[in-house]
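Below is one structure, written out as structure tokens; comments come after it.
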Amino acid sequence: MASCLGHFPAQDYIPVSEFYAEKSVFVTGGTGFMGKVLVEKLLRSCPKIKNIYLLMRPKRGQDVTSRLSELIQSPLFETLRRDRPQELNKIVPIVGDITDPELGISAADQTMLCQKVSVVFHSAATVKFDEKLKLSVTINMLGTQQLVQLCHRMMLLEALVHVSTAYCNCERETVEETVYAPPALPEHVVTLVQTLPDELVDRITPDLVGDRPNTYTFTKALAEDMLIRECGNLPVAIVRPSIVLSSLKEPVKGWVDNFNGPNGIIAAVGKGVFRTMLGTGTKVADLVPVDTVINLMIVSAWRTHLRRGDGVVVYNCCTGQQNPITWSYFVKTSFKYMRRHPFSDLVWYPGGDITNNRVKHAILTLLQHRIPAFLLDVIARASMKKPTMMRVQNKLENASACLEYFTTRQWAFSDDNVKALCAALSPQDRGIFDFDVTNIDWDAYIESYVLGIRRFLFKESPETLPKSRKVLRSAHDKSSCGRVYSVEISVQPFERA
Ligand SMILES: NC(=O)c1ccc[n+]([C@@H]2O[C@H](COP(=O)([O-])OP(=O)(O)OC[C@H]3O[C@@H](n4cnc5c(N)ncnc54)[C@H](OP(=O)(O)O)[C@@H]3O)[C@@H](O)[C@H]2O)c1
């Protein structure tokens, strides 16, 4: 595994956007949180790119054409829609499903992709931590395997970028930029889930997953091993982000589109319905903005082609080594900005803490989550409204339990390859495709994150801020005597937008 990336002599330097000129790209997971940012950035910053083929499946009664129309109406694409709408015509949907044989792609589309695609970004995955093992194996491992098989047939392939996770080796405290021996043989795990009855697979899942906390990190680790063994001499890079949050600056600050992981918790804390969480305040919170990850992915493809002989290079896309913050800092700074830019329809004054004392956490959960939720449901029933708060609390507690493993530990993710890649860029490319995490001003970033949750998840326009601030000020006075002041409940945590 190469780790020293080296520099290119100035006269041989090919700007990143030029690398993509007249080339077509194939993206899996392009309808997801990170995939959308990737597509937008490629179209905006690599204007000579030819086509972006997006693997898409019909979903919830929508065919891929209407899904694509909806996708490009996202606020994320506003700049392109306004300034260069013709770029959006470069997106071509490819009907498929990575759980189907040959990715569910028609023979004609496969032939076309094999003739035209130069760069592949594989981002599709199930990111549900506690997904059933069988489905997680099918999507995260077999999907990757099938994609590699397709890549072997691509005549022009110059780079395959596989999106993994920094936590796929979370049983180690120090994680280098290398693919470690897998926790089990991938082919054995595949055979098990394909031959045993589902109920038995569920029963043996904890034993199979072993010292990893969930099926997600387990299958992502096995997918890396499968990829390494099956890629042959394909030009491959693996990008491993830690916890990906809203955009730092591009194309809009604070853009986020799902309630997954910390987003759902912070959204609920901001609404006042969540106040205690297990975690160690002094441990590093390895968070990374989505546009930082995407810039690194785009540049890693450029470098993979230009230094093809180096073998598979892994990039740990993390912040903990170069620009660390703690969970306590993250939580306290989020509170500061939730109070400065409050959400509408609060249930309680936003507050609370992160604690590693399980007894204290259990007592606070009862007093601050479950009893108020129960009472609010009683009030809702009495006013002939649908009781929702207990259901919301159950979801939040489940989500916070999934995060607990990550908020009570810390890791040292080496990122020498990331630093070397950054150093190999021209100053101009370093500006256009910025993934230097030392540039992140966390206080400003967390402010934009809170505002992003308000604007993009709760769809609350900035004009509603003065009213929300007024309500919060009066709530602060009342909450000092412990009063819950509103029963207007409008949170839908953990349901995808
Ligand atoms: N978000 C993070 O914090 C984070 C951190 C580290 C690593 N990662 C990795 O980054 C990648 C992207 O994550 P994300 O946060 O963008 O996830 P996401 O928002 O859940 O998106 C997942 C994408 O995968 C697609 N997909 C899932 N099953 C599919 C199937 N059977 N056939 C075709 N497409 C399918 C989804 O398509 P549909 O729209 O059709 O469902 C969607 O486009 C993943 O590989 C993940 O492991 C994410």
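The values are calculated or read from the model by the stated rules, or taken from the named source; none is laboratory data. The shown structure was predicted, so the numbers you read here are calculated from the model rather than taken from an experiment. Please note: Cβ atoms are built from the backbone with ideal geometry, for glycine as well, and neighbour counts cover all protein chains shown. Just so you know, the surface numbers come from the protein's heavy atoms only, side chains and all, with ligands and any DNA or RNA stripped out. Shrake-Rupley method; radii C 1.70, N 1.55, O 1.52, S 1.80 Å.
Quick one: if the Förster radius is 25 Å, what FRET efficiency do ARG153 and ARG81 give, using the C-beta to C-beta distance and rounding to 0.05?
Result of the calculation: an efficiency of 0.10.
Provide the packing ranking of 327-339, 352-364, 426-438, 258-270, i.e. peptides ordered by the mean count of other C-beta atoms within 10 Å per residue, highest first.
Sorting 327-339, 352-364, 426-438, 258-270 by mean packing, highest first, produces 258-270, 327-339, 426-438, 352-364.
Which net charge results when you count Lys and Arg as +1 and Asp and Glu as -1 among the other residues whose beta-carbon is under 11 Å from that of PHE435?
Around PHE435, the charge tally is -3.
Name the shape class, rounded, prolate or oblate, that the alpha-carbon gyration tensor gives for the range 125-217, where a ≥ b ≥ c are the square roots of its eigenvalues, rounded holds for a/c under 1.5, and otherwise prolate holds if a/b is larger than b/c and oblate otherwise. Mind dumping the intermediate values first?
Values: a/c = 2.20, a/b = 1.29, b/c = 1.70.
Oblate is the answer for the range 125-217, as a/c is 1.5 or above yet b/c matches or exceeds a/b.
From the cross-link list LYS132/LYS419; LYS253/LYS332; LYS41/LYS128; LYS220/LYS459; LYS128/LYS386, which pairs have alpha carbons spaced over 31 Å apart? Don't skip to the answer; put the middle values down first.
Working: LYS132/LYS419 36 Å; LYS253/LYS332 20 Å; LYS41/LYS128 26 Å; LYS220/LYS459 33 Å; LYS128/LYS386 28 Å.
From LYS132/LYS419; LYS253/LYS332; LYS41/LYS128; LYS220/LYS459; LYS128/LYS386, over 31 Å: LYS132/LYS419; LYS220/LYS459.
Treat every Asp and Glu Cβ in the chain as -1 and every Lys and Arg Cβ as +1, leave all other atoms uncharged, and give the resulting dipole magnitude about the Cα centre to the nearest 20 debye. Each step should come with its number before you reach the end.
Values: 58 positive and 52 negative charges, 413 e Å.
It works out to roughly 1980 debye.
Can you compute the FRET efficiency between ASN233 and TYR405 using 1/(1 + (r/R0)^6), with r the Cβ-Cβ distance and R0 = 45 Å? Round to the nearest 0.05. Before the final figure, lay out each step's value.
Numbers: r = 37 Å, r/R0 = 0.82.
Plugging the Cβ-Cβ distance into 1/(1 + (r/R0)^6) gives 0.75.
Using only helices, what value at 222 nm comes out for the chain when you add -39,500 (n - 2.57) per DSSP H run of length 4 or more and divide by the total residues, to the nearest 500 deg cm²/dmol?
Working: 20 runs with 213 residues, N = 497.
It lands at -13000 deg cm²/dmol.
Do any GluC sites (Glu not before Pro) in the range 171-256 lie in a loop, going by DSSP, with at most 10 other beta-carbon atoms within 10 Å of their beta carbon, and if so which?
For GluC sites (Glu not before Pro) across the range 171-256 that sit outside H, G, I, E and B with at most 10 neighbouring Cβ atoms in 10 Å, the list reads GLU173.
Quick check for you: with a 1.4 Å probe and neighbouring chains kept, what is the accessible area per residue of the range 32-173, in Å²?
40 Å²
Would you work out which of THR195, LEU245, THR219 lies farthest towards the positive end of the dipole of the range 145-252, given +1 charges on the beta-carbon of Lys and Arg and -1 on that of Asp and Glu, about the Cα centre?
The listed residue farthest towards the positive side: LEU245.
Simple spin-label model, 7 Å along Cα-to-Cβ: ASP441 to GLU397 in nm?
4.1 nm
Work out, step by step, the length gained on full extension between LEU135 and ALA10: first 0.36 nm times the residue separation, then minus their alpha carbon distance; give nm to one decimal.
Computed gain between LEU135 and ALA10 is 40.2 nm.
Quick one: if the Förster radius is 45 Å, what FRET efficiency do GLU199 and SER106 give, using the C-beta to C-beta distance and rounding to 0.05?
About 0.80, to the nearest 0.05.
When we measure straight from the Cα of LYS271, which aspartates and glutamates land under 19 angstrom away, once same-chain ones fewer than 8 places off are left out?
List returned: ASP257, ASP345, ASP353, ASP377, GLU397, GLU447, GLU460, GLU463, ASP477, GLU488, GLU495.
By the gyration tensor of its Cα atoms, with a ≥ b ≥ c the square roots of the eigenvalues, what is the shape of the range 219-258: rounded for a/c under 1.5, prolate for a/b over b/c, or oblate?
Here the range 219-258 falls in the prolate category.
Can you tell me how the chain classifies by the Cα gyration tensor, rounded, prolate or oblate, using a/c under 1.5 as the rounded cut?
Numbers: a/c = 1.67, a/b = 1.48, b/c = 1.13.
It is prolate, given that a/c is not under 1.5 and a/b is the larger ratio.
For every other residue with a beta carbon closer than 10 angstrom to the beta carbon of GLN149, add +1 if it is Lys or Arg and -1 if Asp or Glu, then tell me the sum.
-1
To make sure I understand the rule: partners must be aspartates and glutamates, Cα under 14 Å from the Cα of LYS59, and not fewer than 8 residues away in the same chain. Which ones qualify?
The qualifying aspartates and glutamates are GLU70, ASP97.
For the range 171-222, which chymotrypsin sites (Phe, Trp or Tyr not before Pro) are in a loop by DSSP, counting at most 16 other Cβ atoms within 10 Å?
TYR180
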